[in-house]
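Everything on this sheet refers to the single structure shown next.
The values are calculated or read from the model by the stated rules, or taken from the named source; none is laboratory data. These figures come from a predicted structure and were not determined experimentally. Cβ placement follows ideal geometry from the backbone for every residue including glycine, while neighbour counts extend to all protein chains displayed. For the accessible areas, the whole protein counts, side chains as well, though only heavy atoms, and no ligand, DNA or RNA atoms are used. Shrake-Rupley method; radii C 1.70, N 1.55, O 1.52, S 1.80 Å.
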Amino acid sequence: MAASKPVEPQSGSGLPRWQLALLVGTPIVLGVGAVYLWNRSRGKEKQGKKNGERKTPEGSASPVQGQHGATNPELENMSPLDRAQSAKNKGNKYFKAGKYDQAIQCYTDAISLCPKEQKGDLSTFYQNRAAAYDITYKMLNLKWTEVIQDCSQAVELNPCYIKALFRRAKALEKLGNRKECLEDVTAVCILEVFQNQQSMLLADKVLKQLGKEKAKEKYKNREPLMPSPQFIKSYFSSFTDDIISQPLQKGEKKDEDKDKEGEASEVTGSSGYLKAKQYMEEENYDKIISECTKEIESGGRYTAEALLLRATFYLLIGNATAAQPDLDRVINMDDANVKLRANALIKRGSMYMQQQQPQLSTQDFNVAAEIDPRNADVYHHRGQLKILLDQVEEAVGDFDECIKLRPDSALAQAQKCFALYRQAYTGNNPSQVQKAMDGFEDVIRRFPKCAEGYALYAQALTDQQQFGNADEMYDKCIELEPDNATTYVHKGLLQLQWKQDLEMGLELISKAIEIDNKCDFAYETMGTIEVQRGNLDKAIDMFNKAINLAKSEMEMAHLYSLCDAAYAQTEVAKKYGLKPPTL
């Protein structure tokens, strides 16, 4: 099964996940591999600039030669600007001594003394006073209004004033004004060429908060949307011990398909579950939930199966709230087929992982392994969970158990190989990397019809910058699964990284959308590229389309983050004329 879109593992790096302008992420794809867009060279700043705190005011703390304080007669002979600078320098001394009230007074004097046409100096005085207010308010837990007002004055005088913009962004964030905060910190990131981790982390924090807020409201009121037939078939193909995904057996055929004597008199054409199964075979997925409901409400023979099938389609349309009670009922049916209960645990565990509840997810998978220890699906899907949790060794152990139970499981073989490869690649172990690459060769030799094997190998080859070979692997995927939109997206990204062929890359991603207009990964990727091209309105449109197709609240929150990042750039461009370099 090819995954529909990237899923990142949990990690402790603390680095931002968002992709604002030039930042290009390297998310790991569960079932498809890591997607690298392309590397762009950027000028490097000193470490101090990247990680340094913005705590001190600007300007020398020592007065200019000949200045000895307000009582000095020479002050009367100074120009207004020199007198303002003298007041500012005194303020800096007080600031460094921790005497913030006195510093604020000195900066206020500097502002009143400074000629209005000296915009650069005046903006510095406002920013310095804001810095003193900032520290004072932190200590006293006061509001941040004066900080914002002074920073706004500084920015009005000097629109590209990084310190003032960043200080205002932090104050706005404290007051909960996230939209305005995001615009300021976006401007800072662009001015700093995305080199300062401090501003990047603030942007990431605000984007995640905005994304979660918007996704929570949108997801609650969203219209359920059935995924494409290709996605549904790929989803079910990842299960081998799932009773509900198996074709109708001879004794389960509807009455009109049987001979006159009948083959199973207790089963009639009125069985909602069997009708649902028939609709599955016909790819008439929209009728499945209603038919399962009929079976459940009538207390039919296949109630447990109908509950599980209905829950599965609730999950597919992104309605986890409706799915969970059905899964709970199946799990708690002690007399139900153990494979039904194990499958329900797998699906509930996967649902918990989407909801970012890894402990509950792990617990469900462990229970599934206890009640049905010879169920290959349990180990296959738990292995995928372990990859997401960055527990590679445990993932490999689960894939090994799956392979032991089902030696012909090409998916498990390919994903085990990928897990070993990522471990070696991130650990910078060349010999183990080569061993994993040899493993990929063995997988595609033994399972030449497994598209997943080629897709994972293609990603590893891309990591190794063996672009031509990676392109061939994607061509194999397309040959085996011509209706798999995700493969076209990855092949398009490869063209960008390999040949910097923007036209070809966009053509392939557009092809993916043509094949499957419900492929949210294609819209997300197109939006990310359009951000980098500077086509922000089009990027926002692509992200919004992906948002409407998101299958979980977590996915939707991430997409809102990308959309908000693009929107913030449009506002920054309007206000300050600031734009990052484009493709």
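Given Cα pairs under 8 Å that are at least 6 residues apart, what percent is the relative contact order of region 501-583? Walk me through the intermediate numbers first.
Details: 78 pairs, mean separation 21.7, N = 83.
Normalised by residue count, the contact order of region 501-583 is 26 percent.
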Under the Karplus relation with 6.51, -1.76 and 1.60 and θ = phi - 60°, whole-Hz ³J(HN,Hα) for region 536-550, x at Gly and Pro, equal 5, 5, 5, 4, 4, 4, 5, 5, 5, 5, 5, 4, 5, 9, 4
Under a crude label model (7 Å from the Cα following the beta-carbon direction), how far is residue 393 from residue 118 in nanometres? 6.5 nm
Once both labels are modelled 7 Å past Cα along the beta-carbon direction, what's the residue 201-residue 108 spacing in nm? 3.4 nm
Phi to ³J(HN,Hα) by Karplus 6.51 cos²θ - 1.76 cosθ + 1.60 over region 338-346, Hz, x for Gly, Pro: 4, 6, 5, 5, 5, 5, 5, 5, 4
Could you tell me the largest-minus-smallest coordinate of the C-alpha atoms of region 360-460 on each of the three principal axes, in descending order and whole angstroms? 38, 30, 18
Cα atoms only: what Rg and Dmax, in Å, come out for region 78-221? 17.1, 67
Hz values of 3J(HN,Hα) by residue in region 132-137 - Karplus curve (6.51, -1.76, 1.60), Gly and Pro given as x: 5, 4, 3, 5, 4, 5
Taking only pairs that are 8 or more places apart or on different chains, how many Lys pairs in region 442-583 have Cα atoms under 25 angstrom apart? 27
I'd like to compare 368-379, 309-320, 437-448: which one has the highest average count of other Cβ atoms within 10 Å, and what's the full order after that? 309-320, 368-379, 437-448
Sorted by accessible surface (1.4 Å probe, heavy atoms of the protein chains only), largest first, 222, 301 come out as 301, 222
Please report the base-10 log of the normalised intensity I(q)/I(0) for region 493-583, using a Debye sum with one equal scatterer per alpha carbon and no solvent, at each q in 0.11, 0.16, 0.17 (1/Å). -0.32, -0.66, -0.73
On a 30 Å Cα-Cα criterion, which of the cross-link pairs 205/435; 99/170; 93/163; 93/116 come out too long? 205/435
How long is region 413-505 along each principal axis, judged by its Cα atoms, biggest number first, in Å? 37, 28, 17
Arrange the peptides 106-114, 573-581 so that the one whose residues have, on average, the most other Cβ atoms within 10 Å appears first. 106-114, 573-581
Unit charges on C-beta of K, R, D, E only; dipole of region 78-221, Debye: 560 debye
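Taking every pair of distinct Cα atoms and averaging 1/r, then inverting, what Kirkwood hydrodynamic radius in Å comes out for region 267-310?
On the way: mean 1/r = 0.1023 Å⁻¹.
So the Kirkwood estimate lands at 9.8 Å.
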For residue 96, counting only aspartates and glutamates whose alpha-carbon sits under 16 Å away and dropping same-chain residues fewer than eight positions off, the answer is 53, 58, 134
Could you tell me the distance between the Cα centroids of region 146-207 and region 294-336, to the nearest Å? 49 Å
Sorted by chain and number, the residues with a modelled amide H under 5 Å from that of residue 194, at a separation of 5 or more or across chains, are none
Net charge of neighbours whose Cβ lies under 13 Å from the Cβ of residue 570, counting Lys and Arg as +1 and Asp and Glu as -1: -1
